Amino acid sequence: VARILKRGADAAAPGAPEIEPASKSEIAEPVAGMVGECPAMQEIRRRIAKVAPTASTVLILGESGTGKELVARALHQQSPRRDARFVTVNCAAIPEHRVESEIFGNEPTAAGGPRPGLVESADGGTLFLDEIGDLPPPSHARLLRLLQDGEVRSLGSDRVRHLDLRLIASSNHDLKQLVQDGRFRSDLYFR
């Protein structure tokens, strides 16, 4: 079962990444595609219900096939942004040389007009970065700027756009180990 971690201003205490379990009296909404009534599934539903209404960035950790995207969709569907777009980016599926263009967009070139990135298409809604551990390190700084300031700049542009979106990320990698190995920025991990 995927673990839901919450970071940012709404976290319970600095340095305490995991949210406290919801009380048994809290009622969690059903989640499409998530079956089972075992205590672990009930706890996942309670955590979704507790985190969904917040604006916090969320990190979902778990092995492949554990339902991380289902959890991300449930967080979006139970959030105040439910009527806006839910944009999924599979970080592992984008070729490394195209990541920044796909995610952040690009300005007009001789070959064609401007192309907004997936980040921009999530403005007002939720951006789900699936398998963020596979995001190439050169993209970490741009993503960090988006998280810290809500700012994004397309490749080849000097114009900064301000976006309002919620970021949910998932990984089947041990991100703490990737940070220790120097393959994932620690400031991005803690953001």
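Just a few scattered comments:
- Some residue of region 141-162 being surrounded by 17 or more Cβ atoms within 10 Å (Cβ to Cβ), of a type in the set (Asp, Glu) and either more than 18 Å from Val51 (Cα to Cα) or touching a residue at least 12 places away in the same chain (Cβ under 8 Å) (or both): no
- Boolean, Ile132 is touching a Cys at 6+ places or on another chain (Cβ under 8 Å) and touching a residue at least 40 places away in the same chain (Cβ under 8 Å): yes
- Residue within region 136-151 that is within 23 Å of Val71 (Cα to Cα) and small (Gly, Ala, Ser) present: no
- Test: Thr126 is modelled with pLDDT of 90 or more and either crowded, with 20+ Cβ neighbours inside 10 Å or under 27 Å from Gln177 (Cα atoms) (or both): yes
- The residues of region 129-140 that are open to solvent by 30 Å² or more (accessible area, probe 1.4 Å) and modelled with pLDDT of 90 or more amount to a single one, Asp134.
- Flag for Ser186 being open to solvent by 50 Å² or more (accessible area, probe 1.4 Å), under 20 Å from Pro138 (Cβ atoms) and of a type in the set (Ser, Thr, Tyr): yes
- Residue pairs meeting the criteria (Cβ under 8 Å; at least 6 apart or on separate chains; first over 16 Å from Met34 (Cα atoms), in region 55-71; second among the small types (Gly, Ala, Ser) and open to solvent by 70 Å² or more (accessible area, probe 1.4 Å)): Ser56/Ala9
- Gly105 meets the conditions (1) modelled with pLDDT of 90 or more; (2) open to solvent by less than 50 Å² (accessible area, probe 1.4 Å) in every case but one. The failed one is (1).
- Of all residues in region 117-158, those that are hydrophobic (A, V, I, L, M, F, W, C), in a helix (DSSP H, G or I) and more than 25 Å from Gln78 (Cβ to Cβ) total 2.
- Residues within region 164-191 that are part of a helix (DSSP H, G or I), under 28 Å from Gly124 (Cα atoms) and among the polar types (S, T, N, Q), tallied: 1
- Screening Ala84, Ala72 for residues that are open to solvent by 20 Å² or more (accessible area, probe 1.4 Å), within 26 Å of Ser101 (Cβ to Cβ) and either modelled with pLDDT of 95 or more or among the aromatic types (Phe, Trp, Tyr) (or both) leaves exactly one candidate, Ala84.
The values are calculated or read from the model by the stated rules, or taken from the named source; none is laboratory data. Because the structure is a prediction, the values reported are computed rather than measured. Counting neighbours? That spans all protein chains shown, and the Cβs are built from the backbone with ideal geometry, glycine included. Only protein heavy atoms, including side chains, enter the accessible area calculation; ligands, DNA and RNA are left aside. Shrake-Rupley method; radii C 1.70, N 1.55, O 1.52, S 1.80 Å.
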